[in-house]
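Chemist: One structure coming up, written as structure tokens, with questions to follow.
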Amino acid sequence: MNFPSQNQPNSFLTSDKNYLSVPNNRQARHSETVTRYLTASTSDNTRKAYRADLEHFLAWGGTVPANPEMIAEYIAAHAEELAVSTLTRRLAAISKTHSMQGHESPTKSDLVRDVMKGIKRSHGKPVHQKAPVLKADVVAMVVGLGAGLKDIRDKALLLIGFSGGFRRSEIVGLKCTDIEWKQEGIVLTLRRSKCDQEGRGRKVAVPYATGNTCPVKALRAWLDAVRIDQGPVFRAVDRHGNVSASHLSPEVVALVVKERATAVGMDASRFSGHSLRAGLVTSAANAGVDTWKIRRQTGHASEATLQKYIRSGEQFSANDLGSLL
């Protein structure tokens, strides 16, 4: 097998934030400013994931540059142990590294594409989405919460996350200065999100609601309780009631959802941090809300992505076959 004999230089694995550097002969022509913007072209999480993927490829014996035969052997060797989605991301990391170092990507060859197609046909698994937290679920989670700081925070987090249809990263990324208090409710400015990596921003309105599950009142109660008007909105609270100055990690959103689900007798394993967003979409679709209004709230870039939730939510509500039995 004709693998490249060149050893992979370590220049692109220099750090978490700038490991995708260019080779030395190109790097000399780039100023610090250009390098900074190259680094900013991808998110920290993407760079970290790519770094881990590349380290796996190199540990297997891969090199950069690589040829299509090497890449085909690599994905075939791991087809039974790694998910198709993981292999796809590994190929993206390898392709990006080749591009940044001025090499043609071997992942785009017919050989690699055909092998990957065969892996998908042989080992592809159905996507098991986590269950949505529906309106009744989120109400059940928050109605029994008490007056402790953690309870007040979790109530606001769950209601804001659900009513805004927010991703977990959007929830924890909120700052006090992103809140506009209006007579009808609040307008939240999302500075950056999955579909807005360039930071153009998006405004989401959350109106007042009646009763004890109003997201606007819950948010106000949290901010008043911790007496903050600057910095991150949602922060860690330790067992002594001390409030952190930094924002929560996205993983904490999932922990809050699972903890509060367990507390009211739900199966927490069914839910994830994404369940609040999915729950708003599904609940709105079940209530007959127009899809364009749902997309305006959630910021879904694609109608097709939104329809995945809507189809799931309408499996029975839009099914008239029961009347035939």
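Just so it is clear, none of the values below were taken in a lab; they were calculated from the coordinates. Only a predicted model underlies this, so the values are computations on that prediction, with no experimental measurement involved. When we count neighbours, we look across all protein chains shown, and the Cβ atoms used for this are built from the backbone with ideal geometry, even at glycine.
Chemist: Pulled fully out, how much extra length does the chain show between residue 130 and residue 302, if you take 0.36 nm times their separation in residues and subtract their Cα-Cα distance?
Modeler: 59.9 nm
Chemist: On to the next question. Which lysines does residue 293 reach when only Cα atoms under 22 Å apart count, and residues fewer than 8 places away in its own chain are ignored?
Modeler: Partners within reach: 135, 182, 194, 203, 308.
Chemist: Extending each Cα 7 Å along its Cβ direction at residue 69 and residue 55, get the distance between those two points in nm, one decimal.
Modeler: Those two pseudo-labels are separated by 3.0 nm.
Chemist: While we're looking at this one, here's another question. Could you tell me the calculated FRET efficiency between residue 239 and residue 120, based on Cβ-Cβ distance and R0 = 51 angstrom, to the nearest 0.05?
Modeler: Once the sixth-power term is evaluated, E becomes 0.65.
Chemist: Sticking with this one: Among all the lysines, which ones have a C-alpha under 16 Å from residue 117's C-alpha, if same-chain residues fewer than 8 places away are not counted?
Modeler: Residue 117 reaches 108, 125.
Chemist: Take the Cβ-Cβ distance between residue 183 and residue 203 as r, set R0 to 22 Å, and report the resulting FRET efficiency rounded to the nearest 0.05. Please list the in-between numbers first.
Modeler: Values: r = 16 Å, r/R0 = 0.74.
Taking R0 as 22 Å, the efficiency between residue 183 and residue 203 is 0.85.
Chemist: Then there is this: Among 68, 91, 101, whose Cα sits farthest toward the positive end of the charge dipole of the stretch 64-114 (+1 at Cβ of Lys/Arg, -1 at Cβ of Asp/Glu, about the Cα centre)?
Modeler: Farthest towards the positive end: 101.
Chemist: Can you work out the FRET efficiency for the pair residue 31 and residue 99, with r the C-beta to C-beta distance and R0 = 22 Å, to the nearest 0.05?
Modeler: Once rounded, the FRET efficiency stands at 0.60.
Chemist: What distance in nm lies between label points placed 7 Å from Cα along the C-beta direction at residue 220 and residue 76?
Modeler: 6.6 nm
Chemist: With each pseudo-label sitting 7 Å past Cα toward Cβ, what's the residue 246-residue 147 distance in nm, one decimal?
Modeler: 3.3 nm
Chemist: So what is the relative contact order of the stretch 179-298, in percent, for Cα pairs below 8 Å that sit 6 or more residues apart?
Modeler: Working: 108 pairs, mean separation 14.5, N = 120.
Averaging sequence separation for qualifying contacts and normalising by length gives 12 percent for the stretch 179-298.
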